[in-house]
Amino acid sequence: MKSIVILISGRGSNMRSLLEADLPGCRIAVISNRADAAGLAHAQALGLPTAVVDHRAHALRDDFDTALARAIDAHQPDLVVLAGFMRILGEKFVAHYAGRLLNIHPSLLPAFPGTHTHERALAAGVRLHGCTVHFVTPDLDAGPIVIQAAVTVAADDDADSLAARVLAQEHLIYPQAVRWFLAGQLQLTKDGRVRLSAAAGTQCCGALIAPQMQPEAQ
């Protein structure tokens, strides 16, 4: 049975989408850097293992990363999933989970990395916006892209309305990316790209931008 650890900082809406996706054969634990995170209470109500590693209790980022990794590794995870986890993780931490650390970002990367993506997309006048699931690397929001979904920017959109449509797509593509990972259908190439096994399906939403298929061996 595969083990997944989900990291959250707030309401945990992407965590909920993963929990509701009925992921096959998984043990799931949830860790937050905030004891008052609403998503943590939801996970506890479902009877999932939970923990809090408060970043404010650690003066140095490396100390926080070490404590967080210790809590994660207690569950021997095959995959660590960032779901609205609002802390920048250090290079050693990222290296420790290389190839098994996923994040979702509310833009079509590499456009608009960082925060305030919806406001920046509107200010730039883009016609398409969206979200991206990617493997985490030490460079912020720059890891290999697994899957993206796009939405059309309407003339009357504000940041809130655009964010709501993007979030609906996040809830579709994150479970899909995790399913692919758990099934061993994602391959990281030497040039830093993600290939998808030809055995995997790509029908998860209408605006899907899936990774390139990797031909099956003959």
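Does at least one position in region 135-155 carry a residue that is among the hydroxyl-bearing types (Ser, Thr, Tyr), buried (at least 20 other Cβ atoms within 10 Å of the Cβ) and either assigned by TED's automatic domain parsing to the domain that holds Pro110 or in a loop (DSSP other than H, G, I, E, B) (or both)? Scanning region 135-155, I find no residue that is among the hydroxyl-bearing types (Ser, Thr, Tyr), buried (at least 20 other Cβ atoms within 10 Å of the Cβ) and either assigned by TED's automatic domain parsing to the domain that holds Pro110 or in a loop (DSSP other than H, G, I, E, B) (or both), so the answer is no. Just one of (1) in contact with a His (Cβ under 9 Å, 6 or more places away or on another chain); (2) without any contact (Cβ under 8 Å) to a residue 24 or more places away in the chain; (3) crowded, with 20+ Cβ neighbours inside 10 Å fails for Asp73. It is (3). Tell me, yes or no, whether region 106-127 has at least one residue that is in contact with a helix residue (DSSP H, G or I) (Cβ under 9 Å, 6 or more places away or on another chain) and within 18 Å of Val178 (Cβ to Cβ). For region 106-127, residues in contact with a helix residue (DSSP H, G or I) (Cβ under 9 Å, 6 or more places away or on another chain) and within 18 Å of Val178 (Cβ to Cβ): present. Scanning region 1-45 for residues being within 20 Å of His58 (Cβ to Cβ) and surrounded by fewer than 17 Cβ atoms within 10 Å (Cβ to Cβ) gives a total of 2.
Which of the residues spanning region 91-133 are part of a helix (DSSP H, G or I) and charged (D, E, K, R)?
Glu91, Lys92, Glu119, Arg120
The values are calculated or read from the model by the stated rules, or taken from the named source; none is laboratory data. On a predicted model such as this, the values are computed, not experimentally measured, just so you know. All Cβ positions, glycine included, derive from the backbone under ideal geometry; neighbour counts span all protein chains shown.
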